[in-house]
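Okay, structure first, notes after.
The values are calculated or read from the model by the stated rules, or taken from the named source; none is laboratory data. Predicted model only: the values in this text are computed from it and were never measured. Because the Cβ atoms are built from the backbone with ideal geometry, glycine has one as well, and the counts that use them run over all protein chains shown. Just the protein is used for accessible areas: all its heavy atoms, side chains included, with ligands, DNA and RNA removed. Shrake-Rupley method; radii C 1.70, N 1.55, O 1.52, S 1.80 Å.
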Amino acid sequence: MRVLVVDDDRKIAQFVVKGLKQAGYAVDHAADGEEGQHLLRSEPYDAAVVDIMLPKLDGLSLVAAIRDAGCRTPVIFLSAKREIDDRIRGLQVGGDDYLVKPFAFSELLARLQALMRRASGATESMCLTLGNLKLDIVKRRVTREGKPVDLQPREFSLLEYMMRNVGKVISKTTIMEHVWDYNFDPETNVVETCVCRLRIKLNEGTDRDIIRTVRGVGYVLDELA
């Protein structure tokens with residue numbers, strides 16, 4: 001899953017970006033409102049963390065502009081302001097949640113996960129389930145047939161994205177856009193390699209491959225009986 005962090009405070013931005021990457025997300029960063037608006041209107045993010053006080057274009061104006069442009073990426077505002085009126089303004093312009101600084105990263109992560117679940121139409125459960133395959137979003141744990149599957153952060157993110165799109169054929173480009181940040185090299189075979197590793201780990205000890213390759217198109221995670 002891919003997240004954009006828009007914050008000009010270098011310390012806070014580094015803290016949030018590092019935490020999200022350690023949690024397995026692909027993360028991009030913008031240091032001002034104009035850059036943030038450009039990225040949100042041109043890249044397919046699953047969620048965004050936007051500071052209200054930004055240079056060039058403030059966070060409220062940024063979100064109002066992308067909503068007017070039809071961008072529906074879930075947004076959580078960050079602000080040092082604690083007044084109720086400020087929170088109301090953030091929600092009125094199109095924000096989905098509001099977190100006051102200073103904040104605990106664990107709370108930010110939980111709020112982001114809730115926003116992405118709602119946006120994808122998933123239930124409020126913290127676990128994704130597909131037959132005997134289970135993925136615990138909070139504990140970052142995967143099991144198949146009750147046996148643990150040890151995944152690297154990028155493999156976990158790929159599986160989470162595929163489990164949110166069960167039965168849909170997902171192209172290599174779409175996977176790159178949601179699982180890797182914009183620094184990836186589109187000419188490499190990183191997607192194929194990651195899918196291969198994930199497939200091997202999920203299939204260990206089983207007789208059914210649940211990741212199907214659609215030649216020339218992409219990959220699909222099949223339903224389990």
Residue hits (the range 101-120; touching a Ser or Thr at 6+ places or on another chain (Cβ under 8 Å) and open to solvent by less than 20 Å² (accessible area, probe 1.4 Å)) are R117
Over the range 58-84, the set of residues open to solvent by less than 40 Å² (accessible area, probe 1.4 Å), hydrophobic (A, V, I, L, M, F, W, C) and in contact with a helix residue (DSSP H, G or I) (Cβ under 7 Å, 6 or more places away or on another chain) is L60, L62, A65, I66, C71, V75, I76, F77
Selection from the range 173-208 of residues modelled with pLDDT under 85, surrounded by fewer than 17 Cβ atoms within 10 Å (Cβ to Cβ) and not in a helix (DSSP H, G or I) yields Y182, N183, F184, D185, P186, E187, T188, N189, G205, T206, D207, R208
Residue count, the range 136-164, condition more than 16 Å from R197 (Cβ to Cβ) and touching a helix residue (DSSP H, G or I) at 6+ places or on another chain (Cβ under 8 Å), comes to 4
Exercise for the section: Could you tell me whether the range 27-48 includes any residue that is over 19 Å from the mean Cα position of the chain (by Cα) and crowded, with 21+ Cβ neighbours inside 10 Å? Expected result: yes
- Task: Kindly establish whether L135 is within 29 Å of L4 (Cα to Cα), at pLDDT 85 or above and open to solvent by less than 60 Å² (accessible area, probe 1.4 Å).
- Result: yes
Counted residues in the range 152-164 being open to solvent by 30 Å² or more (accessible area, probe 1.4 Å) and over 13 Å from the mean Cα position of the chain (by Cα) come to 1
